[in-house]
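Report on the structure given below.
Each value in this text was obtained by applying a stated rule to the coordinates, not by laboratory testing. All values derive from a computational prediction rather than experimental measurement. Note: ideal-geometry Cβ built from the backbone for every residue, glycine included; neighbour counts use all protein chains shown.
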Amino acid sequence: MSRLDPHSYFDTDQPRTHRLALEIAVDFQRQRVVGTARLDLGGPSSGPLDLDTKALVITAAATGAGQPIPYALGAEDPILGRRLRLDLPARTAQVVITYETAPEAVGLQWLAPEQTAGKRHPFMFTQFQPIHARSMIPCQDSPMVRATYHAAVTIPEALTAVMSAGPQEGGGSTEPGMRTMLFEMPQAIPSYLIALAVGDLASRDVSPRARVWAEPATVEAAAWEFAGVEEMIVTAERLFGRYEWDRYDMLVLPPSFPYGGMENPRMTFLTPTLLAGDRSLVDVVAHELAHSWTGNLVTNATMDHFWLNEGFTVWAERRILEALHGEAAAAVSWAIGGTALREAIERFGADSPYTVLRTQLEGVDPDDVYSSVPYEKGSLFVGLLERTVGRERFDRFIRAYIERFHFTSITTEELMAFFEQQLPGVAAKVGADEWLHRPGLPGNTPVFRSEALETLTVLAEGWTGGARPTAAQLKAWSPSELQVYLQHLPRELDEASCRWLDGALNLTARGNYEILVEWLTIAAGSDYEPVFGRVREVLMKVGRMKYLRPLFGALGRHPRTRALAREIYAATAPSYHTLSRRVVESVMEKYDG
Ligand code: BES
Ligand code: ZN
């Protein structure tokens, strides 16, 4: 037996899934996905095959030819779920598992019509990274395993399904009121990149290879917000090589989507909080797009190497940003990331194992330790390598890296061996071992400066001493610069300060959630009553964890806001995604009193 992924029952001695075929129905009444999963193995095999499942009800297992396969479900592990062991008869090349999901499946969220923009139809979507594919599909749920897939998805006739795959002609209707949609994913991907969403969806083309999907009520706004995506694709191709996934479509989800974005291949999932109305938050699209190379082509072998996905992608995102908007804009993005990183390190403690890049998460739920560390410490390390060898050589390295490892899943050690081969001696020179294996931030952390940033931070840090921005300064700041300014203000201000800020900057009324939430975090943490209504409004609507954590955290500072937080959470918890609920509960557990 050899299990190399601490978050999967996948056994490297056993046959691997090469292709997956789903035939499923999405049952909104019972909040279940029901059907079969066929796993095609590399060739005829026999003996044990261990799959991951979580809260699945398995009703049958058979070979492709229909011969029953003996199977057993193991004991429930709180993180991994239950191992499904199949005992393959001789020369088994395909297994077909009949099953259904549980309403509480962590990888799915079922929304009532009231939770959508249109308020008329239900909605469901998946979020499988890091280890939730197993709650919808019995599979080898480790990024070490890559498979192509096909899906036939039966849904209510009035709705539309999208997947991280290409749509296929055919389908049709077998039952009255239902229709079946077909999908084909010809490129081998890890299970965490399988994705499905079903709802009342419309689409708009924004370029020959890019389309925006959303509910009809939001699709125009979404198409406008992301109209620049083709320029981003072209820029990214210039930097990282050809875009290999054919189409780059985007789906804007209802507001309970727990992340900003998810890089599902051919169909990036996005939070509607990006629809600021001024295209100021499209860096999230640049990020998800960049995953088309770093993450989806070259994939982390396990969650212990997650920084390979996110660190390289944040770095790539900022290179795209720099190419499109210049060095100063990229510096602002580095600054915002730096603040998030310092906060994360402070939250865990500077000597915490969760502040190392190459982690050891055996026995740890990756969702519980999700943070900015792999993103920002990771991107700083990549940025340091880039600075050390110079941009030209590093860009050549990145392209060679993607070419060498595309469509494979790799470890930190494999990256570093390749790096050493390409650029000998550099890793030792920058202290790569400390970067990868020690907690906290090394002394040679690169700094990204600009004059504008300097002015902003000095001004913000001088708040208590009486420093105030002039009207001209306020007018000149970009949304991201304003965000940097707010991030550097003291976390608690007196009432007059709050009033001044809101008056001068009209913060409570903002539609840019990065600014709005940064402000509400300060104001709520300052017990500033005029924002309580807006805080409630945001928390009742938005499930994006990045916003829930600071807001619920700030509400914990004062007795009256703690009461407010508890009241809001009691009212809104049922509408949150399971993962969002977990984050909020972990924050509220730390409230004193
Ligand atoms: N792949 C991540 C989201 C993710 C990571 C989901 C791990 C589950 C487990 C995605 O690419 C991401 O990083 N999203 C960020 C956007 C950002 C850094 C621009 C987010 O959601 O905030
Ligand atoms: Zn990412």
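Spacing of the modelled spin labels on residue 468 and residue 114, each 7 Å from Cα toward Cβ, amounts to 4.4 nm. With K and R counted +1 and D and E -1, the other residues having a Cβ less than 13 Å from that of residue 434 yield a net charge of +3.
Its residues counted as N, the range 150-209 yields a C-alpha radius of gyration over 2.2 N^0.38 Å of 1.20. Cβ crowding within 10 Å, taken as a proxy for footprinting-reagent exposure, orders 391, 557 from fewest neighbours to most as 391, 557. For the chain, the longest principal axis of the C-alpha atoms and the axis of helix 545-555 are separated by about 50°.
Could you name the lysines in cross-link range of residue 590, using Cα to Cα under 25 Å and dropping any fewer than eight places away on the same chain? In chain and number order, the partners are 541, 546.
Rounded to the nearest whole Hz, the Karplus-based 3J(HN,Hα) values (6.51 cos²θ - 1.76 cosθ + 1.60, θ = phi - 60°) of the range 560-572 follow the sequence 6, 6, 4, 4, 4, 4, 5, 5, 5, 5, 4, 6, 10, with x at glycine and proline. Taking a straight Cα-Cα cut-off under 25 Å and skipping sequence neighbours fewer than 8 places away in the same chain, the lysines within cross-link reach of residue 429 are 377. Taken over the range 528-575, the ratio of Cα radius of gyration to 2.2 N^0.38 Å equals 1.03. The base-10 log of I(q)/I(0) for the chain, evaluated at q = 0.05 Å⁻¹, reads -0.21 [Debye formula, identical scatterers on Cα atoms, solvent excluded].
Per DSSP H run of n ≥ 4, the term is -39500 (n - 2.57); total these for the chain, divide by its residue number, and report the mean residue ellipticity at 222 nm rounded to 500 deg cm²/dmol.
Details: 19 runs with 218 residues, N = 593.
Mean residue ellipticity at 222 nm (helix-derived): -11500 deg cm²/dmol.
In terms of the Cα gyration tensor, with a ≥ b ≥ c the square roots of its eigenvalues, is the range 248-368 rounded because a/c is under 1.5, prolate because a/b exceeds b/c, or oblate? Note, shape of the range 248-368 comes out prolate. Distance from the Cα centre of the range 321-391 to that of the range 182-261, in angstrom? So the separation of the two Cα centres works out to 25 Å. Residues of the range 462-487 with amide nitrogen under 12 Å from the 7 Å Cα-to-Cβ point of residue 500? 462-470, by backbone N distance to the label point. Relative to the Cα centre, the charge distribution of the chain, modelled as +1 at Lys and Arg Cβ and -1 at Asp and Glu Cβ, gives a dipole magnitude of about 220 debye. Debye sum, Cα scatterers, the range 286-429, no solvent: what log₁₀ I/I(0) at q = 0.12, 0.13 1/Å? Per q value, in the given order, log10 I(q)/I(0) is -0.48, -0.57.
Hey, with R₀ at 30 Å, roughly what FRET efficiency would residue 399 and residue 350 work out to, going by the Cβ-Cβ distance, to 0.05? The value I calculate is 0.25. Using alpha carbons only, how many degrees (0 to 90, rounded to 10) separate the axis of helix 451-461 from the longest principal axis of the chain? Its long axis makes an angle of about 70 degrees. Cβ crowding within 10 Å ranks 219, 206 as 219, 206, fewest other Cβ atoms first. Charge tally around residue 357: other residues with Cβ under 13 Å, Lys/Arg +1 each, Asp/Glu -1 each, net -3. Of the GluC sites (Glu not before Pro) found in the range 352-388, the ones in coil according to DSSP and having at most 16 other Cβ atoms within 10 Å of their Cβ are 362.
Here the range 244-311 is described by how far its Cα atoms reach on the three principal axes: 37, 27, 19 Å, from widest to narrowest. The rule of thumb for compact globular proteins, 2.2 N^0.38 Å, goes into the C-alpha radius of gyration of the range 435-486 1.51 times. Taking a Cβ cut-off of under 10 Å around residue 208, the surrounding Lys, Arg, Asp and Glu residues balance to a net charge of +1, with basic ones at +1 and acidic ones at -1.
Neighbour counts of C-beta atoms inside 10 Å place 27, 433 in the sequence 433, 27, starting with the fewest. Compute the helix-to-body angle for 306-325: its Cα long axis versus the longest principal axis of the chain, expressed 0 to 90° and rounded to tens. Between helix and principal axis, roughly 50 degrees.
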